[in-house]
1. Can you pull the mean other chain C-beta count within 10 Å for peptide B:76-86?
2. With each pseudo-label sitting 7 Å past Cα toward Cβ, what's the B:Q202-B:S331 distance in nm, one decimal?
3. Please arrange A:C29, B:C255, B:C16 by accessible surface area, largest first, computed with a 1.4 Å probe and ligands excluded.
4. Could you compute the FRET efficiency for B:T184 and A:I61, with r as their C-beta to C-beta distance and R0 at 51 Å, rounded to 0.05?
5. Could you report the buried accessible area between A and B, both sides summed, computed with a 1.4 Å probe and given in Å² to the nearest 100?
6. What's the average, rounded to a whole number, of partner chain beta-carbon atoms within 10 Å of each residue's beta-carbon in B:49-61?
7. Per residue, how much space in cubic angstrom lies within the convex hull of the C-alpha atoms of the range B:25-78?
8. Of B:Y128, B:S171, B:A98, which is farthest along the charge dipole of the range B:91-211 in the positive direction, counting Lys and Arg as +1 and Asp and Glu as -1 at C-beta?
Amino acid sequence: MTTPMLPTDDPRHPAFLDSPVQDALVNICIELAAELWVTRSRLRRLEQLVRVDGVAATELIESEEDPSEQSKRAEERDLFARRIFGGIAAL
Amino acid sequence: MTTSSSPATKSAYAACHDDAAYVDFMVGLRRLALGEIKNAAVAASEAELARRGEPIRDVLDLRRLLDPVPVIALRNRVVRSVQEKTWRRVADTVHGRASELLAEIAEAERRGPGSVHCDPQLTYPEYYTVEDIHLQPGSYYGDPLAGAITEYGGNVFYAGLNLDGQVKQASVGHVPLPADGVVTRVLDLACSIGQSTTAFKQRFPDARVTGIDIAAPMVRYAHRRAIKLGVDVEFRQESAAALSFPDAAFDLVYCNILFHEVPRDVAERVVTEAHRVLRPGGVFVVVDFANRPAHGPMDWGDYHRNVDCIYNGEPFASAFVYSDFTTLLESVFPVVDPDHHLDPGGIRLMRVCTR
């Protein structure tokens, strides 16, 4: 007895969702989540290792940032958002 | 899935932190998929079946009903993706350590404790090569580092609970003794990387313990692993369906999750061989899936089995689950305990046969 299969079953190229696009998007989301976790894990490890003048990086991160740094970060944030989602405006 | 699992940090398994963290994420996502997401999928399937009213007796009708349910469709997608991505990254990181691992495996073959014997004449049977089992690239035989890939990736399959073989050890702990209590020779069939084999030696330190597997990369890696543990066991590459051992050579023969991976005719030969190599009064202990009625009212268990067979490289599991495996055992052994205590409420059974 072999495993009963639907005509649409394709073990090598499974399509579980309404369209191949949806399957691909879920795959992409999982990949991004995994890589985000890798980055968070690496950052956490770095923070555990780094100390500046005896103060742990985990504490330094929570301290107030210099105003000029805040301004630069705001510019970077806007660029970051545009790089990722800017394409929407071109539709 | 309520038991906790430790996060996998850079370890003996991964080539670098990032690989370990990536695989660790897959452990977390699989735990979610087997826990909360599965529970939601089961509830959704029960609601769909209740709404339908009439029982379903054809698994493809069940598939047509449940495949479109959003939580079930997404659950299927996530489980498959986790499996694919895990194997890809595990294979990459193991191959990143290839020269070191292959040298260790080769060096281990020349020393003990224990020993390993491979059979260069053995040809892998067609049924064994028809698919990559559990989607593992190259399956258990096609990659010289398949043992390392199985050990690391298999831990994700067990949702992070089997990195050191704990699931296999727990099953060995449930294995009953022959009535006379004598265990001097143990045979572990289809031993894979030897996690049960070493567990038997640790449980029966005075016994001579042998693990056999059809795949050379498995027994080679199993021996390297046993040496690292300092456990004295013997590994041999051979088929469980054609054993090299004389009649009545063992007190205990064990077979963990092999039978759902082989066709029925092979299963019959394995059972016959197990009976042959057991001494009178010896026990043959089988851990594998429970059987289900082929045309009973179907539920989530039937749905999951079908999807898992098709999309997780389990070409023979469906035929096994809907077979009368206990009856097969009873046709060869005079005494069979069809459900020895192992995993209450779980999908695996421990069947105990006495010769």
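The values are calculated or read from the model by the stated rules, or taken from the named source; none is laboratory data. Everything quoted here is computed from the prediction, not taken from an experiment. When we count neighbours, we look across all protein chains shown, and the Cβ atoms used for this are built from the backbone with ideal geometry, even at glycine. The accessibility values were calculated without ligands, DNA or RNA, using every heavy atom of the protein model including side chains. Shrake-Rupley method; radii C 1.70, N 1.55, O 1.52, S 1.80 Å.
1. Mean number of neighbouring Cβ atoms from other chains: 4.
2. 3.8 nm
3. A:C29, B:C16, B:C255
4. 0.25
5. The summed interface area works out to 2600 Å².
6. Going residue by residue through B:49-61 and averaging, the value is 1.
7. Per-residue hull volume (Cα only) is 73 Å³.
8. Positive-most Cα among the choices belongs to B:S171.
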